[in-house]
Amino acid sequence: MKKNSPKISYDKESEVLSIELKKVKSADSDIQGNLVIDYDKKGEIVRINLYNFDFAGFRNGVKAFKNFAGGSAASVVMR
């Protein structure tokens, strides 16, 4: 069974950090402040979005995100 690596991206213009855990369509979402968590039909988390995310803070913590996402297997994209 192939394990999918999370895709972490940051859109500098809109200041949105997105962590995609699964490449499936979301069926439901929870919103709390600037945090949005998307779920699939089974109730499993497929995506996490952080709005108004500080780019400088992200850049300083990118190593921690890579470690969280599985080290070198993680895909980190900055747009």
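The values are calculated or read from the model by the stated rules, or taken from the named source; none is laboratory data. Just so it is clear, the model here is predicted, and its values are computed rather than measured. No Cβ is skipped: glycine too gets one built from the backbone with ideal geometry, and neighbour counts run over all protein chains shown.
When segment 1-47 is filtered for residues that are of a type in the set (S, T, Y) and free of Cβ contacts under 8 Å to residues at least 60 places away in the same chain, the ones remaining, listed by number, are S14, S18, S26, S29, Y39. Taken over segment 10-31, the residue count meeting the criterion of being of a type in the set (S, T, Y), loosely packed, with under 15 Cβ neighbours inside 10 Å and part of a strand (DSSP E or B) is 1. For first residues located in segment 48-69 and at positive phi, partners that are modelled with pLDDT of 70 or more and not in a helix (DSSP H, G or I) and lie 6+ apart or on another chain with Cβ distances below 6 Å form the pairs N52/E15; N52/N34.
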